[in-house]
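The values are calculated or read from the model by the stated rules, or taken from the named source; none is laboratory data. These numbers come from a predicted model, not from an experiment. Methodologically, a virtual Cβ is constructed for each residue, glycine included, from the backbone with ideal geometry; neighbour enumeration extends over all protein chains shown. With ligands, DNA and RNA removed, areas are computed over all heavy atoms of the protein, side chains included. Shrake-Rupley method; radii C 1.70, N 1.55, O 1.52, S 1.80 Å.
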Amino acid sequence: MVMNKSRNVFKSLVLAAVMGLTGGLTGLAQAKVVGLEAELQKWSFAGVFGTYDVNQLQRGFQIFQQSCASCHSANLMSFRNLSEEGGPQFSEDQVKALAAEYTIYDPELEDGERQAVPADRWPAPFQTELDARAANSGALPPDFSVLAKARGISQKFPYWAFNYFTGYQEGGPDYIYNLLVNYGEPPADVELPDGQAWNNYLGRGLAMAPPLGDGFISYDGEGVPETLEQYAADVAAFMMWMAEPHLVSRKEMGFRVLTFLFLLAGMMYLVKRKIWANVKH
Amino acid sequence: MSGNSSYNPTGAVEKWFDERLPIIRFSKEHLMDFPTPKNINYWWTFGAVLAFILVVQIITGIVLAMHYVPNSELAFDSVEAIRRDVNYGRIIQATHAVGASMFFAAVYIHIFRGLYYGSYKAPREILWILGVLIFVLMMATAFMGYVLPWGQMSFWAATVITNIFAAIPIIGDPILALLRGGFAVDNATLNRFFSLHYLLPFILAAVVGLHIWALHVPGNNNPVGVEVKSSHDTLPFHPYFTMKDLFVIVVFLIPFSWFVFFAPDILGHPDNYIPADPLLTPPHIVPEWYFLPFYAILRAIDFDMLFISSKLGGVIFFGGSIIVLFFVPWLDGSKVRSGNFRPLFRPFYWLFVLNFLMLTYLGAQVAEGIYVLLSKVGTAYYFAYFLIILPIVSRIETPAPLPASISESVLGKAEASGEKG
Ligand code: HEM
C-alpha cells in the first residue's frame, strides 16, 4: 500500500510537470536571431500588483501627441478614454479642450469638417494608407491602438517558462523601449536603403528615423529627467495603456475572484472530506 | 442503463408526470444514484471538468457572437471593441480564449488517463471512439475559432492548415476550394468558419451526450481495472462524486482565472494583434500550443516515399496520428486494463508521454538542424507505440496478479471477505 501511494504521488508529479511544460511551449515561438538581447525594464504595471502610473501615462501621452502622432494613427482610442479611470485620467475639461484642438473630416457634414468632441476617435495623421506611405519612404507607420501587444521579446530557455507563473506580459513595452533607445550607426559592411535608419536592437534598418533624443520634449514641472531613456519608457507605458486600457480593473477583479476561489475550494475540500469520512477508498 | 433507481414518485402530479416523461427518474438514476466505483482517483474528475468547460465556452461564445462581426474588414476591430467597450468584455473574451487552452489541457489529461488505465478496452470501445470523435471536433472548433479575430496568425494558420488538404490527390483541390470558399483565404473563408464555429460546439455537446450514455452502460472503469462485482465496490454518484467533481472544478478554476485575469495573452502569439495581411507572411507561423505535437508530425515528413510526395506523406502521418487512436482498443490485446498491473507496459507508456511532450516542444521550433531529426524520431515512436509496442507487449507481458475485487484492493483481502459476509 505504501509503495502504491508513493508511486501515485510520483505519477501525479510527472503529469503535473507534463502539463506545465506543454503549456509553456508557445513562448518559444519568437526566436530572433540578430540584434541585441532586450534589456528588461521595471514597469509599474508589471506583476500581480502592478498598476499604471498616472503621471507616467500623462507624460507618455505628451510624447505621443508631440512626436509619434504626426506619423502613427491610434484608431481605436477615443479622446474620452484619456479621462477614464485606469488611464492617464486627465480631467474631463482638459479632454474637452484637447479635442477642440483637432478637426474631424467627414464628407457628410456641411463643410466637410467639424471640431472634435471627446466621443470622437483620435484623428489619424494621414487620410489614406497611400498618403502615409508617401510621407514615409514607402513604409506604413503601424497603428498604435494595440501595437504594444503586437510585439514581444525573445527569451532563452528557461526564462520564458517562468513567465507563466510571474504573468510577464510586458514584452511589448520592453520591445518598444529597446527599439527607441538603440538607434545607431550601421555596421561598416551594411548599406542602408534611402529613408532607413539603423537599429542595433533589431539588428536591421527600419523606415522610422529616431523619433526621440535627449531634451527633445520638455516636461512640465521638475524632477523627471528629459532623457531619451525616460521618454522611451514613458511612451511605451502609454502605448501599453492604449493597448490594454482595462488592465487595472481586470487585475482588481482577478484578486477578488481568486480570493473567492481559494476560500471556496478550501470549503469544498472540507465538505468533500466530511462526506467521504466513513468510506474506505 | 436503468434499474439503479430508488426513485419513488411522491404525490399524484409527480406520478402522473413519471408515467408520461420519466425525466426526473432518469436524472435521479444518472446524476444521483448511479453506482460509481469507490476507488476512482482524481484523474477521473476531468470528465466533469471538461463538461464544465464546454458549458463555459458555449456561454461566453454566445455573448461574444452578439458583438463579433464576421467580416474580413471589421472582424479584428470588432474583437478589439469587445475587449474595450463591452461591459466586462475583456473578461468574457479572455475567458473564451483561455478556456480553449484549458479545454485542451483537461482533454489531454483525460485521454492520457484513459491510455494508462486501459479505459478503452472492452466493453468501453464505443465510449473511447466517441471520445476520439470529440477530440477531432474540438480541434476543428478551436482551429476555426482561432481564425475569427482575423489577426496575422489567424490568417496564416488558416492558409497553412487548409493548404494541407490540397495534398490529397484528386479530391484535394475541390476540398480546398470548399473550405476556403474560393481560391485564397478571404472574407468567404471567415464567414463559413464563423458559421461552423458556432455550429460545432452543439454537435460536440450532442456527442458528449452519447459519450456519457456509453459510459453509463458499463459504468466507470477504475484504477485497478477490475470490473465492479457487487454493491460493496460502488458508491452512489451523489453526493460522493458530485462533491469530488465540484471540488476539482473549483480548483481547476484557479489556474484558469490566473490566466484570464493576470495573463490573458500569454498563451497566444503577439502576431495575432497585427491585423491580417495577405501580402505579408510572418517569419515563423506557429499554431496554438495544443496543436504542436501534431504539427511536429506533419512537418517531420520532409522526404518523398516512393510515389508519395513529402507533402502528401506529411498529411498521411498527420491524419494517421489521430486515426490510429480509433483502433487502440484492438491494438492493445492485454486483458488487464490498468497500467498499475502491467510492468512491461509502464515504461513504454511513460516514454510515450515524454515523447508527446518532446513533439509539443518541437512543433514550436524552426524546422532545422537537430530539431528535424528529433521530430522524425518522435513521430516514429508515436506510431510505434500504437502499432508495434502495444500489440507485442500485450502478448509477451506477464501482468501482476489482480485483486479479486475493488473492495479487496481497497480494504485488503481479509476485511473484504469479512464485509461481504
Ligand atoms: C468535451 C470533451 C469530453 C467530455 C465533456 C468528456 C466527458 C466524460 C465524462 C464526464 C466521463 C466520466 C468521468 C471520467 O471518467 O472522467 C468520461 C469518461 C471517459 N472519457 Fe471522456 N469526455 C470528453 C472527451 C474525451 C476524449 C477526447 C476521450 C478519448 C479520446 C475520452 C475518453 C473517455 C473514456 C475512455 C472514459 C471512460 C473512463 C473510465 O471510466 O475509465 N473522453 N468522459
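Structural remarks
- Threshold 30 Å² - residues in the stretch A:139-153 whose accessible area is reduced by that much or more when the chain is no longer isolated, probe 1.4 Å: A:Val146, A:Lys149, A:Ala150
- Placing +1 on the Cβ of every Lys and Arg and -1 on the Cβ of every Asp and Glu, with no other charges, gives the stretch B:38-420 a dipole of roughly 1060 debye about its Cα centre.
- The calculated FRET efficiency for A:Phe157 paired with A:Leu206, based on their beta-carbon distance and R0 = 30 Å, is about 0.60.
- Residues whose amide H lies under 5 Å from that of B:Gly333, counting only those 5 or more places away or on a different chain, are B:Ser394; hydrogens are built 1.01 Å from N in the peptide plane.
- For the protein assembly as shown, the Cα gyration tensor yields ellipsoid semi-axes of 52, 30, 25 Å (square root of five times each eigenvalue, largest first, whole Å).
- For the stretch A:116-155, the square roots of the Cα gyration tensor eigenvalues, ordered a ≥ b ≥ c, give a/c of at least 1.5 with a/b no greater than b/c, which places it in the oblate category.
- Under 5 Å, built H, 5+ apart or other chain: amide partners of B:Leu235: B:Thr36, B:Lys38
- The mean number of Cβ atoms from other chains found within 10 Å of a Cβ in peptide B:266-278 is 5, as a whole number.
- Percentage, to the nearest whole number, of Cα pairs in the stretch B:314-377 over 15 Å apart: 67
- Within chain A, the longest segment free of exposed loop sites, counting trypsin sites (Lys or Arg not before Pro) that fall outside DSSP classes H, G, I, E and B and have at most 10 other Cβ atoms within 10 Å, spans A:157-281.
- For chain A, modelled as a GNM whose springs connect Cα atoms under 10 angstrom apart, the maximal fluctuation among A:Leu212, A:Leu147, A:Leu264 occurs at A:Leu264.
- Taking the empirical scaling 2.2 N^0.38 Å for compact globular proteins as reference, the stretch A:59-141 has a Cα radius of gyration ratio of 1.17.
- Reachable aspartates and glutamates from B:Lys311, criterion Cα separation under 13 angstrom, eight or more residues apart if same chain: B:Asp302
- To the nearest 10, the accessible area of A:Tyr159 is 130 Å² with a 1.4 Å probe.
- Over all Cα atoms in the stretch A:108-201, the spread is summed up by Rg and Dmax: 19.3, 61 Å.
- Chain B: most fluctuating residue of B:Ser231, B:Ser407, B:Ser154 per GNM, C-alpha cutoff 10 Å: B:Ser231
- Relative intensity, log₁₀ I(q)/I(0), of the stretch B:38-420 from a Debye sum that treats every alpha carbon as a point, q = 0.14 Å⁻¹: -1.32
- The residue among B:Met243, A:Pro141, A:Met77 whose Cα reaches farthest toward the positive pole of the charge dipole of the protein assembly as shown, with charges on the beta-carbon of Lys, Arg, Asp and Glu, is B:Met243.
- Here the sum of -39500 (n - 2.57) over DSSP H runs of 4 or more residues, divided by the residues of chain A, equals -13500 deg cm²/dmol at 222 nm, to the nearest 500.
- Accessible area of B:Phe326 in the full protein assembly, 1.4 Å probe (Å², nearest 10): 50
- Cα-based equivalent ellipsoid, chain A: semi-axes from gyration tensor eigenvalues, Å: 45, 27, 17
- Kyte-Doolittle mean at least 0.5 and Cα axial length at least 18 Å: DSSP H helices in chain B: B:46-67, B:89-117, B:125-147, B:152-165, B:187-216, B:242-257, B:310-326, B:345-363, B:370-384
- Largest GNM mean-square fluctuation among B:Phe303, B:Phe135, B:Phe193, using chain B with Cα springs under 10 Å: B:Phe303.
- Protein heavy-atom accessible area occluded, A/B pair - total, 1.4 Å probe, Å²: 5500
- Förster-model FRET efficiency, 45 Å R0, B:Ala404 and B:Ile322, C-beta, rounded to 0.05: 0.75
- Normalised per residue, the accessible area of the stretch B:38-420 is 41 Å², obtained with a 1.4 Å probe and no contribution from ligands, DNA or RNA.
- R0 of 35 Å, Cβ-Cβ distance B:Met66-A:Thr103: FRET efficiency to nearest 0.05: 0.50
- Carbon + sulfur, % of accessible area of the protein assembly as shown - ligands and nucleic acids excluded, 1.4 Å: 65
- Too-long pairs where the Cα-Cα distance tops 23 Å, listed order kept, from A:Lys42/A:Lys149; A:Lys272/B:Lys28; A:Lys274/B:Lys229: A:Lys274/B:Lys229
- Cα shape, the stretch A:38-91, gyration tensor, a/c 1.5 rule: oblate
- Mean residue ellipticity, 222 nm, helices only, chain B: the sum of -39500 (n - 2.57) across DSSP H runs of n ≥ 4, divided by residue count and rounded to 500, is -19500 deg cm²/dmol.
- For chymotrypsin sites (Phe, Trp or Tyr not before Pro), the sites in the stretch A:72-136 that DSSP calls loop and that have at most 16 other Cβ atoms within 10 Å are A:Tyr102.
- Distance from the Cα centroid of the stretch B:68-108 to that of the stretch A:52-77 is 26 Å (rounded to whole angstrom).
- Partner aspartates and glutamates for B:Lys335 [C-alpha distance under 14 Å; skip if fewer than 8 residues away on the same chain]: B:Glu125, B:Glu227, B:Glu397
- Shown for the stretch A:38-84: residues covered by the partner protein chains by 50 Å² or more of accessible area relative to the chain by itself (probe radius 1.4 Å), namely A:Leu76.
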